[in-house]
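Reviewing the structure listed below.
The values are calculated or read from the model by the stated rules, or taken from the named source; none is laboratory data. Given the structure is predicted, the values throughout are model-derived calculations rather than measurements. Virtual Cβ from ideal backbone geometry, glycine too; neighbours counted across all protein chains shown.
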Amino acid sequence: AQRVTQPEKLLSVFKGAPVELKCNYSYSGSPELFWYVQYSRQRLQLLLRHISRESIKGFTADLNKGETSFHLKKPFAQEEDSAMYYCALSQYNNNDMRFGAGTRLTVKP
Amino acid sequence: ETGVTQSPTHLIKTRGQQVTLRCSSQSGHNTVSWYQQALGQGPQFIFQYYREEENGRGNFPPRFSGLQFPNYSSELNVNALELDDSALYLCASRQQGRDTEAFFGQGTRLTVV
């Protein structure tokens, strides 16, 4: 069965510090992994996806199939990064996307 | 280009009643997915519609049903409402295909009393 685990509900770092939001998944096939972000009073939006291997707003995420992880990283956190972050997994063609419970990131000045 | 819009934004219903939530997909998108997000949880997949047919369903009972119309807008219907159905209901639309981005609406907050 597909499952996404985000072990940290809350994460707090100081501005300029590195940040890593953890995501582990279980899936028997070849998953497609995503990170979604929800800023205060805004709708859920795509941050990045593993297949495009891009860096968005300084964030990167590497799919590690051996460890079944897709951790989100940023070397220097900014206050505007404070938001709710969700890791998500889907099958081919994005049917049945499964979300983790989310991590609330707070970046302190 | 118009975004995904959902109506109503808030709704209060009584246990046992029925509710219909609506979603207008983004222009050019032919696939709509519905999610339930309980407080403190991530979105849970309810079902997905592509070209007016359901083509994926999560672990929700049959009293959760849906429709997609020729213009790709969609409805989520919930019968025999239960207190645990209280949640934020999200709609997302995209163009069917590998690795296409899903765009979310603002959601409908349903409260069952």
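Residues in the stretch B:61-113 that are among the aromatic types (F, W, Y) and within 25 Å of B:G40 (Cα to Cα): B:F64, B:Y89, B:F103, B:F104. Within the stretch B:55-92, if we keep just the residues that are in a strand (DSSP E or B) and within 11 Å of chain A (Cβ to nearest Cβ), the residue that is nearest to B:Q26 (Cα to Cα) turns out to be B:A92. Remark: pairs (first residue in the stretch A:41-61, over 20 Å from A:G102 (Cα atoms) and at the interface with chain B (Cβ under 7 Å from one of its Cβ atoms); second residue at pLDDT below 90 and outside any loop (DSSP other than H, G, I, E, B); Cβ separation under 7 Å; 6+ apart in sequence or on different chains) = A:I51/A:E32. Screening A:Y25 with (1) under 23 Å from B:S93 (Cβ atoms); (2) surrounded by 14 or more Cβ atoms within 10 Å (Cβ to Cβ); (3) of a type outside the set (S, T, N, Q); (4) more than 12 Å from chain B (Cβ to nearest Cβ) gives one miss only, at (1). A:A83 meets the conditions (1) surrounded by 15 or more Cβ atoms within 10 Å (Cβ to Cβ); (2) among the small types (G, A, S); (3) more than 26 Å from B:Q44 (Cβ to Cβ) in every case but one. The failed one is (3). Any residue at all in the stretch A:87-107 that is at pLDDT 95 or above, touching a strand residue (DSSP E or B) at 6+ places or on another chain (Cβ under 8 Å) and of a type in the set (F, W, Y)? No: zero hits.
Report whether or not A:E8 is touching a Leu at 6+ places or on another chain (Cβ under 8 Å), in contact (Cβ under 8 Å) with a residue 12 or more places away in the chain and at negative phi. First the steps, then the outcome.
On the way: touching a Leu at 6+ places or on another chain (Cβ under 8 Å): yes; in contact (Cβ under 8 Å) with a residue 12 or more places away in the chain: yes; at negative phi: yes.
The answer is yes for A:E8.
In the stretch A:46-59, the count of residues that are assigned to a strand (DSSP E or B) and among the hydroxyl-bearing types (S, T, Y) is zero.
When B:Q106, B:Q95, B:Q26, B:Q48 are checked against the criterion of being within 14 Å of chain A (Cβ to nearest Cβ), farther than 21 Å from A:Q2 by Cβ and in contact with a Gly (Cβ under 6 Å, 6 or more places away or on another chain), a single residue qualifies: B:Q26. Scanning the stretch B:20-49 for residues that are over 24 Å from A:A101 (Cβ atoms), buried (at least 16 other Cβ atoms within 10 Å of the Cβ) and over 12 Å from the mean Cα position of the chain (by Cα) yields B:Q26, B:H29, B:N30.
Looking at B:Q68 and the list (1) crowded, with 18+ Cβ neighbours inside 10 Å; (2) within 21 Å of A:Q2 (Cα to Cα); (3) over 10 Å from the mean Cα position of the chain (by Cα), which single condition is not satisfied? All conditions are met except number (2).
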